[in-house]
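Participant: One structure coming up, written as structure tokens, with questions to follow.
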Amino acid sequence: PHNTYLLTSSDQDGWWVDDQGGGDSFNTLLNSYWDKYPVLQLPSNASAHQIILEDNLLYLPQVEADEHWYWDMLPAPSSKEYPFNINHLPENMVPEQNGYIRIVVNGSTEAGNVNPDHHLEVNINGQVVADEWWDGIGRKMVEGSFPANLLRNGENSLTISSPGDTGVAADIYHLDWIKIYHPRTFQAVGDQLFFNAPGD
């Protein structure tokens, strides 16, 4: 087997990437099932925008998938915080206008006598936005919709919690990436504005 490595340079700080589109590799990702934009209820002055949080720090050759690089290990019970920044949120959003989150983890343990044997909770700014139970080893997407007015311009906080309440002796995950979709005003940055519209 062969592993392909892509080295990139970014002026962003560390693991935070605000991917506004462009480039063949980005378009390929958008066409895959896990990376299609969810349907958001948006204010009239906004489009859907995607933030990607990812870092490749842990190499797991034993994972039975094409992806072997992961960001973090999450053993139960534990909680870890991942701060992120948002700019150009519309003002006066209402709860019906929503954001969306997707998190991909690899469940690294299983217990044959317990079903389900995994449980994760995701909080944004102190509010639960996803709560998922599932069973078995392998990659899993945890996702959820939440009121967009939960977000704020500037720094926000995302916490992933593994409560350890399934009754298994060991419950361990490896985090791959986090994607947050939110309303964003039509505000150019560096004289450029990228946005999606219905019908692509």
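The values are calculated or read from the model by the stated rules, or taken from the named source; none is laboratory data. All values derive from a computational prediction rather than experimental measurement. Positions of Cβ are generated from backbone atoms using ideal geometry, with glycine treated the same way; all protein chains shown enter the neighbour counts. For accessibility, only protein heavy atoms count, side chains too; no ligands or nucleic acids. Shrake-Rupley method; radii C 1.70, N 1.55, O 1.52, S 1.80 Å.
Participant: Would you confirm whether or not the stretch 89-106 contains a residue that is under 16 Å from I160 (Cβ atoms), part of a loop (DSSP other than H, G, I, E, B), at pLDDT below 95 and open to solvent by 30 Å² or more (accessible area, probe 1.4 Å)?
Facilitator: no
Participant: Just to be sure before I move on: is P83 in contact with a strand residue (DSSP E or B) (Cβ under 8 Å, 6 or more places away or on another chain), open to solvent by 30 Å² or more (accessible area, probe 1.4 Å) and assigned to a loop (DSSP other than H, G, I, E, B) in the structure I sent?
Facilitator: no
Participant: Which condition breaks for A46 when tested against (1) open to solvent by less than 20 Å² (accessible area, probe 1.4 Å); (2) of a type in the set (A, V, I, L, M); (3) under 19 Å from the mean Cα position of the chain (by Cα)?
Facilitator: (3)
Participant: Considering only residues that are in contact with an Asp or Glu (Cβ under 8 Å, 6 or more places away or on another chain) and within 30 Å of Q41 (Cβ to Cβ), which ones fall in the stretch 81-112?
Facilitator: P83, F84, N85, Y100, I101, R102, I103, V104, V105
Participant: If A65 meets every condition in (1) at pLDDT 90 or above; (2) small (G, A, S); (3) within 28 Å of P163 (Cβ to Cβ) apart from one, which number is that one?
Facilitator: Looking at each condition in turn, A65 falls short on (1).
Participant: Which residue, of V128, V39, is aliphatic (A, V, I, L, M), surrounded by fewer than 16 Cβ atoms within 10 Å (Cβ to Cβ), part of a strand (DSSP E or B) and free of Cβ contacts under 8 Å to residues at least 40 places away in the same chain?
Facilitator: Going through V128, V39 in turn, the sole match is V128.
Participant: Something else about it: Listed residues G164, G136; which is open to solvent by 20 Å² or more (accessible area, probe 1.4 Å), at pLDDT below 90 and not β-branched (V, I, T)?
Facilitator: The unique qualifying residue is G164.
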